[in-house]
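Comments concern the structure below.
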Amino acid sequence: MTDVLDVVWRLLAVFVAFLVLPLVVGQTEHKVMAHMQGRLGPMRAGGFHGWAQLVADGVKFAQKEDVVPAGADRKVFQLAPAVALLPYLLVLVAIPVGPGDAVGQHVDAGVFFVLAVMGVGVLGSLMGGWASANKFSLLGGLRTAAQLLAYELPMLLAAASVAMAAGTVSLTGILDGFQWWWLPWQIVGALVFFTAGLAELQRPPFDMPVADSEIIFGAYTEYTGIRFALFLLAEYAGIVVLCGLTTVLFLGGWHGPAGIEGLGWLWTLLKTALLAFVVIWLRVSYPRLREDQLQKLAWTVLIPLALAQIALTGVVKVVIS
Amino acid sequence: MSLLAAQTQGFLSPTGVEIAFLLVGIVTLGAAVVTVTTKQLVHAALWLVVALGGLAVEYLLLTAEFIAWVQVLIYVGSVIVLLLFGLMLTRAPIGRSPDADSGNRWVALGVAVAAAAALVWVVVDAFRATWIDLDGPARGTTEVSGRMLFRHWVLPFEGLSVLLLAALVGAIVLSRLRKDTEEKR
């Protein structure tokens, strides 16, 4: 009985984190962008500092009519947002936030689990893009697929490098073996992983597939109301998952400097929040990459860098063992 | 050991895992049949996602966790995306494709049934009534799979790597070849 209760508690905690953290990132994005770009709009709603902007957005999305285009494939069209969002919920279950048992569920092949399930989320964009019966959506879907195919590989290779360093593919195992000098050792892999992750989430500067000014939001053109909000939520959940994963794989997760181990989960949250801030920062400061530049970056820069990192990891591993 | 397990296990008192295994198997089979019979091309690809995902769940129920996640990563995450990419790039109409009906359907059915019969026969003959002990140490973890692969199956593994490399190089050569001849014209 206690086992069942334990599992229920853990799943409930993960679910609450899944509901709260993406919204926190969304609100932070409003505020950070407002400050960095001198935008006045998001600073008005509700009075002090525009605190109610996110609530207003939520009410707006819920009120709007949920339209399905006449020529669309109804079932696939309506299913797509769920396919885009749910994988991130599953991934959150496996991310450890603190030492010991502070994880939703211990997964033996954790690294593979999170990368595999994250890759499924892109199917949502593809389904939405195709089912909309709109050529811009279809083009957006195509670009999404091409981008995923290009960036999945460097992401996997960078994660494999960490797994080699730790000698395990379990996320908790990787954190248990973490040493501070892994940070400089794996720094190239960390950059590759984070960049490829941004591209997989289609965040700026890699947002060519969903660029609003060029391809009118790509796969999401025909979506309105709550289903569109679900796609947006998937993006923010993706940011949380990507930053959490980068923290766990490369930044030592719950390990803090000066050995303050008791507040492990706080370190994880802090590092994740810092990375999420960087994601938002990149959005407001970098111009969008063109489609061919996007592909070129993945195949000619990131993959060789990831392979070099794996070679370095292998050499160091052999030398020190 | 397998004989002993067979004696203690009966077919008439299935455990929860066995029932789940059967149900997921039926769903997988159903999705696979819909994949080849539906007249809507993109729907076929999406049903293939269900079939391959069902297979991953089956691996998971057989304690082969690593294989299950690799199945999701490679097949659901990459092969299907490539398939959808190809469909969208060439033809992916909403609704039925009139030309999705092949005149070879009976031959295809024969080949499929023959292949399925051969596979089922081989698997049944190889394993007969072997039961996996779910309470003992996990037998499909990453560590166990890795040891098996790199102790007993290194040569086939390397052979596959060379094959894939050859395919990769071949694809690059083919794509560049066409570009060169077009420029010469």
Rounded to a whole %, the carbon-and-sulfur portion of the accessible area of region A:16-136 at a 1.4 Å probe is 68 percent
Most fluctuating of A:W267, A:W254, A:W181 in the GNM of chain A (C-alpha, under 10 Å) is A:W181
Honestly region A:2-74 on the Cα gyration tensor test (a ≥ b ≥ c root eigenvalues; a/c under 1.5 rounded, otherwise a/b vs b/c for prolate or oblate) is just oblate
The Cα extents of chain A along the principal axes, largest first and rounded to whole Å, are 63, 47, 45
If unit charges are put on Cβ atoms (+1 for Lys and Arg, -1 for Asp and Glu) and the dipole of region A:2-320 is taken about its Cα centre, the option from A:W130, A:A34, A:V240 lying farthest towards the positive end turns out to be A:A34
Measuring from its Cα centre, region A:218-314 shows a charge dipole (+1 at each Lys and Arg Cβ, -1 at each Asp and Glu Cβ) which, in debye to the nearest 20, is 140 debye
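So what is the orientation-averaged projected area of region A:1-159, using the convex hull of its C-alpha atoms, in nm²? Write down the numbers at each step before the final one.
On the way: hull surface 55.1 nm².
Result: a mean projected hull area of 13.8 nm².
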In region A:109-133, accessible area falls by at least 20 Å² from chain alone to full assembly (1.4 Å probe) for A:A109, A:F112, A:F113, A:A116, A:V120, A:L123, A:L126, A:M127, A:W130
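What quantity of accessible surface, computed with a 1.4 Å probe and excluding non-protein components, is buried in total between chains A and B, in Å² to the nearest 100?
Working: alone 15410 and 14600 Å², together 27670 Å².
Summing both chains' loss of accessible area gives about 2300 Å².
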In whole angstrom, the spacing between the Cα centers of region A:269-302 and region A:17-78 equals 22 Å
Pseudo-spin-label distance A:H106 to A:W265, built 7 Å along Cα→Cβ, given in nm, is 1.9 nm
Simple spin-label estimate for A:A70/A:V7, 7 Å along Cα→Cβ, in nm, reads 5.0 nm
Mean-square fluctuation maximum in Gaussian network of chain A, Cα pairs under 10 Å, restricted to A:V59, A:V68, A:V114, hits A:V59
For chain A, longest principal axis from Cα atoms; helix A:135-166 axis from its Cα atoms; angle between them, nearest 10 degrees, is 10 degrees
Out of A:K271, A:K31, A:K60, a Gaussian network model of chain A with alpha-carbon springs under 10 Å gives the largest mean-square fluctuation to A:K60
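How much FRET efficiency would the formula 1/(1 + (r/R0)^6) give for A:A45 and B:R147, where r is the Cβ-Cβ distance and R0 is 60 Å, rounded to 0.05? Please list the in-between numbers first.
Details: r = 59 Å, r/R0 = 0.98.
Given R0 = 60 Å and the Cβ-Cβ separation, E is 0.50.
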With Cα coordinates, the longest principal axis of chain A makes an angle with the long axis of helix A:2-37, in degrees rounded to 10, of 60 degrees
Between the residues A:F228, A:Y88, A:A45, the Cα farthest towards the positive end of the dipole of region A:2-320, that dipole coming from +1 and -1 charges on the beta-carbon of Lys, Arg, Asp and Glu, is from A:A45
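In debye, nearest 20: dipole of region A:2-320 around its Cα centre with unit charges on the Cβ of K, R (+) and D, E (-)?
Numbers: 18 positive and 20 negative charges, 136 e Å.
Result for region A:2-320 is approximately 660 debye, rounded to the nearest 20.
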In terms of the charge dipole of the protein assembly as shown, which places +1 on Lys and Arg and -1 on Asp and Glu at the beta carbon, the residue among B:T37, B:A167, A:G71 farthest towards the positive end is A:G71
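For chain A, calculate the relative contact order in percent as a whole number, restricting contacts to Cα pairs under 8 Å that are 6 or more residues apart.
Values: 485 pairs, mean separation 76.8, N = 321.
This gives 24 percent for chain A.
First check a/c for region A:218-321, with a ≥ b ≥ c the square roots of the eigenvalues of its C-alpha gyration tensor; if it is under 1.5, answer rounded, and if not, answer prolate when a/b is larger than b/c or oblate otherwise.
Working: a/c = 2.66, a/b = 1.28, b/c = 2.08.
Because a/c hits 1.5 or more and a/b fails to exceed b/c, region A:218-321 counts as oblate.
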Rounded to the nearest 10 Å², the accessible area of A:M208 using a 1.4 Å probe with every protein chain kept is 20 Å²
Note: probe point = Cα of A:F15 + 7 Å toward Cβ; backbone nitrogen < 14 Å; residues of region A:76-94 passing the test are A:89-90, A:93
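The values are calculated or read from the model by the stated rules, or taken from the named source; none is laboratory data. This one's a predicted model, so the numbers in the text were calculated from it and none came from an experiment. Cβ sites come from the backbone with ideal geometry, for glycine too, and all protein chains shown count toward neighbours. The accessibility values were calculated without ligands, DNA or RNA, using every heavy atom of the protein model including side chains. Shrake-Rupley method; radii C 1.70, N 1.55, O 1.52, S 1.80 Å.
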